[in-house]
Structures are given as C-alpha cells and as structure tokens.
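Heads up: the structure comes next, in structure tokens.
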Amino acid sequence: MMAGIEEKGEEQLDLAALVTARFEQSMTVPVTFFDRESERIAEACWAMARRFHKGGRLLAFGNGAWATDAQHVSVEFVHPVIVGKRALPALALTNDSATISGLMAGGAADMPFVRQLKVLARPQDIAMGFSEDGNDTNVVAALNAATKLGLLSLGLTGGNGGLLKEARIDFCFTVQAYDPLVIQETHETLYHVLWELVHIFFEHEGLLE
C-alpha cells in the first residue's frame, strides 16, 4: 500500500515539474525572441503595410501543423477580430486542396508552393512561409522563388533556422527553441503582432508612400 502511495506521489511531482518547465519555456522563449527581434519586426510590418497599400496580398504556406498557421494568419488579415480594422487580402496556399492533390496525382507534389506562386503571385505581394526547423525544402524553395518574383518574403522558423536561415529572403524570424509547441506559440504571437502593427501603419498612411 505504502509503495503505491509513494509511486503516485512521485508521478504527481514529475507532472508538476513537467508543467512548470512547460510554463517557463512558454514565457521565457517569447520574451527572449521579441527582445531580440523587435526592431526587425517593426521593419517587416512597415514593409508589409507598404505592400498592402499598393494593392498587394499575403500568400502564406507551410507543411503539416504549420499549414494551420498559414490558414490562421490569412484569416487574421481577411477577417479582422477588432471592429473597425480594414480587411486586407490574404490567402493560405495550403487551402487549395484541388491544386495540391492534382500535383500529387501528376507526380509533381514536391514543390507545390513554388508552382502556385509562379501562377498566382504579383510583384507587390507578400510571401510568408512557416517551417518548424527551417529545413522544409518546399517552403525554402517557395520563399526563394518569391524573392526572385519581387515579393516581400518572410520566413518563420525555429531551432537554429536550418536551410531557411541561409535563404535569400527579406526577413527570417527564428525562434531559438526545439520544442515545436513553444515555436508555434511564439509564431502565433508574432503574426498577431505583425497584423496589429500593419494596421497601426495604415493609420499613418503618409509613412507608406
């Protein structure tokens, strides 16, 4: 009986330690990231606002769980949660299941985002790619292609930045963590900040000329 109680007590302590560590990461990683990147985030917001001001659109993409971030950020811009904020054009390339599945059926599924950008993108647009560790070759290739097409290119990643850190893009924001949940949480906060600051710049449109 006593052994069972002791084991249960140890499990509770382990669970408490796990929860404590999780909360600590969720607080310290974003603080470190935003302290380090605040100036570049402001620059990215200004650049994005200028593109929207010229009629550009946000084209977002990512693989797996990060495809949901592409969908999330596009919804933020198209359907603002704050009353009175203007809707801005945005599209998650991952939503086009017909095109993606068509490429798969045709044996060309390795670089779907590059294919989509070459057809859909305009020079005034913005490309935003998500990658957990920066080593998703289709995301890196799409951002490189976007830069060549004249788009503003932003990569959101984690870990040490991987291949994305070496890509020739306008902004690469790396959350220096290896826990995918913490990386994704920080990315979500980042694109909410991007959305909010873009609208602040729109309130001072003289800065966008």
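For ARG36 and ALA98, the FRET efficiency from 1/(1 + (r/R0)^6), where r spans their Cβ atoms and R0 equals 35 Å, is about 0.30. Applying 1/(1 + (r/R0)^6) with R0 = 45 Å to the Cβ-Cβ distance of MET27 and HIS204 gives a FRET efficiency near 0.90.
In order along region 63-73, phi translates into HN-Hα couplings of 9, x, 4, 6, 5, 5, 5, 4, 5, 4, 5 Hz, rounded to whole numbers, per the Karplus curve 6.51 cos²θ - 1.76 cosθ + 1.60 with θ = phi - 60° and x for Gly and Pro. Electrostatic tally near GLY161: other residues with Cβ closer than 15 Å to its Cβ, Lys and Arg +1, Asp and Glu -1, net -2.
Charged neighbours of GLN71, selected by a Cβ distance under 14 Å, balance to -4 (K, R count +1; D, E count -1).
Once the mean of 1/r is taken over each pair of separate Cα atoms and inverted, the chain shows a Kirkwood hydrodynamic radius of 18.3 Å.
The spacing between region 150-197 and region 48-125, judged by their C-alpha centroids, is 16 Å. What you get for the chain, charging only the Cβ of Lys and Arg (+1) and of Asp and Glu (-1), is a dipole of about 1300 debye around the Cα centre. Summing Lys and Arg as +1 and Asp and Glu as -1 over all other residues whose Cβ lies under 14 Å from the Cβ of VAL31 gives a net charge of -3.
In summary, the convex hull built on the alpha carbon positions of region 17-110 has an orientation-averaged projected area of 9.5 nm².
Taken together, the values in this text are just the output of simple stated rules run on the coordinates, not laboratory data. Treat the numbers as computed from the prediction; the structure is a model and nothing was measured. Positions of Cβ are generated from backbone atoms using ideal geometry, with glycine treated the same way; all protein chains shown enter the neighbour counts.
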